[in-house]
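Undergrad: One structure coming up, written as structure tokens, with questions to follow.
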Amino acid sequence: MELTAGQVAVVTGAASGIGLAMARRFAAEGMKVVLADVEESALEKAAADLRAEGADVHARVVDVGERQEVLDLAESAYETYGAVHVLCNNAGVGSGAEGRM
């Protein structure tokens with residue numbers, strides 16, 4: 001996949017780990033990045049850090065287990081940037097089961 005400056009990437013689970021690493025790479029390529037995560041404080045920090053590095057970032061708190069929140073994320077991305085070129089569904093949803101997997 002060729003990453004092009006000005007394209008838009010949406011990354012779920014973007015506040016830390018692999019999601020944040022992907023968001024940082026997209027931003028380094030000159031892409032606009034929509035960050036989505038359920039952890040608001042971590043999301044705000046990630047967005048602030050990327051902005052401090054010069055990234056064009058839009059952050060939104062999203063629980064990907066809630067259909068309407070995902071639809072709202074898509075609408076927000078399109079309203080903010082007019083397009084989405086890359087979607088990274090990095091966030092996971094657990095069952096809440098206890099014990100060994």
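The values are calculated or read from the model by the stated rules, or taken from the named source; none is laboratory data. None of the values given here were measured: they were computed from a predicted structure. Reconstructed Cβ throughout: ideal geometry from the backbone, glycine too, with neighbour counts over all protein chains shown.
Undergrad: Exactly one of (1) in contact with an Asp or Glu (Cβ under 6 Å, 6 or more places away or on another chain); (2) among the β-branched types (V, I, T); (3) under 20 Å from V84 (Cα atoms) is unmet by V38. Its number?
TA: Every condition holds for V38 apart from (3).
Undergrad: Looking at segment 76-101, which of its residues are modelled with pLDDT of 95 or more and surrounded by fewer than 10 Cβ atoms within 10 Å (Cβ to Cβ)?
TA: E79, G82 - these are the residues of segment 76-101 that are modelled with pLDDT of 95 or more and surrounded by fewer than 10 Cβ atoms within 10 Å (Cβ to Cβ).
Undergrad: Let me ask something else about it. What are the pairs with Cβ atoms under 8 angstrom where one residue, in segment 44-67, is modelled with pLDDT under 95 and the other, located anywhere, is in a loop (DSSP other than H, G, I, E, B) and basic (K, R)? Sequence gap at least six, or different chains.
TA: none
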